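See below for the structure under consideration.
None of the figures in this text is laboratory data; all of them are computed from the coordinates on show. This one's a predicted model, so the numbers in the text were calculated from it and none came from an experiment. Cβ atoms come from the backbone with ideal geometry, glycine included; neighbour counts cover every protein chain shown.
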Amino acid sequence: MGDFEVFIGEYRHNIDTKGRLSIPAKMRLECGEKVYVTRGNEGCLAVYTAAGWEAYYQSLMALPKTKKKTRIFIRLVTSRATECEFDKLGRINIPLVLRNEGKLQKECVVVGAGDHIEIWDSETWNQFYNDNMDDFDDISENIDDLE
C-alpha cells in the first residue's frame with residue numbers, strides 16, 4: 001500500500017503445538033519475507049515488518065539511556081525479539097518464550113494495529129476489547145490530550 005504499511009482488521013487463527021501461526025493473507029502481503037516479533041503492550045505480541053522494526057528500534061535507541069526505566073524497557077523489548085520468516089503456508093513460527101509471554105495456547109486473534117500487527121490470546125483479547133469498548137467515545141473526545 002504505497003510507502004508504508006497499513007494493518008487493519010481482526011482475524012482468528014489457531015496456533016499449533018509447534019508454535020506456527022498463520023498470518024492473514026491481506027496482512028502478509030504488506031510484510032515481505034520476514035517479520036519481527038516481540039513483546040507488545042497489554043499482554044499481546046507485536047509484529048513488525050523489517051522497515052517497521054527498524055523505525056521502532058531507532059525510536060528505542062533515541063531514548064535517554066541514562067534513565068533506568070528506559071534501559072529496562074529496551075531490554076524487555078529487545079531481549080525476546082525474534083526474526084520470523086514465513087513458511088509456504090504463510091505461517092510464522094513463534095518461539096516458546098514469546099508464546100508464553102503472550103499466553104498463546106490455541107485460539108489467537110491477529111489484530112491490525114495500524115503500523116504493526118498484534119497477536120493476542122483469544123480470551124485476553126476478548127477481555128481487553130470488552131473492558132475498553134465502552135470508553136471509545138470518551139477516548140475519542142480526549143484523544144488530543146494523549147501525548
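The convex hull of the Cα atoms of segment 9-53, projected and averaged over all directions, covers 3.8 nm². Adding -39500 (n - 2.57) for every DSSP H run of four residues or longer, then dividing by how many residues the chain holds, sets the calculated 222 nm ellipticity at -10500 deg cm²/dmol.
Relative to the current alpha-carbon distance between Glu54 and Asn41, full extension at 0.36 nm per residue lengthens the span by 2.8 nm.
For Lys34, a cut-off of 20 angstrom between C-alpha atoms picks up these lysines, skipping any fewer than 8 places away in its own chain: Lys18, Lys26, Lys88.
Segment 34-77 and segment 12-26 have Cα centres lying 23 Å from one another. When +1 charges are put on Lys and Arg Cβ atoms and -1 charges on Asp and Glu Cβ atoms, the dipole computed for the chain relative to its Cα centre reaches about 1260 debye. Note on Asn100 and Phe136: with the Förster distance fixed at 22 Å, the Cβ-Cβ geometry gives a FRET efficiency of about 0.10.
Packing here is the average count of other Cβ atoms within 10 Å per residue, and on that basis the peptides 93-103, 57-67, highest first, run 93-103, 57-67.
In this rough spin-label picture, where each label sits 7 Å from Cα along the Cβ direction, the Asp145-Glu10 distance is 2.6 nm. How big is D, in µm² s⁻¹, for segment 32-90 by Stokes-Einstein at 25 °C and 0.890 mPa s if Rh is the Kirkwood radius over C-alpha pairs? Rounded, D is 198 µm²/s.
In order along segment 125-139, phi translates into HN-Hα couplings of 4, 4, 5, 4, 4, 5, 5, 10, 5, 6, 8, 3, 5, 5, 4 Hz, rounded to whole numbers, per the Karplus curve 6.51 cos²θ - 1.76 cosθ + 1.60 with θ = phi - 60° and x for Gly and Pro. As an exercise, find the ratio Rg/Rh for the chain from alpha-carbon atoms, using the Kirkwood inverse-distance average for Rh. That ratio equals 0.97.
The amide H of His116, built 1.01 Å from its N in the peptide plane, has Phe7 as neighbours under 5 Å, considering only residues 5 or more places off or on other chains. Amide H contacts under 5 Å for Ile94: Arg20, Leu21, restricted to partners 5 or more places along the chain or on a different chain, H placed in the peptide plane at 1.01 Å from N.
Full extension of the segment from Val77 to Ser122, taken as 0.36 nm per residue of separation minus the current Cα-Cα distance, would add 14.0 nm.
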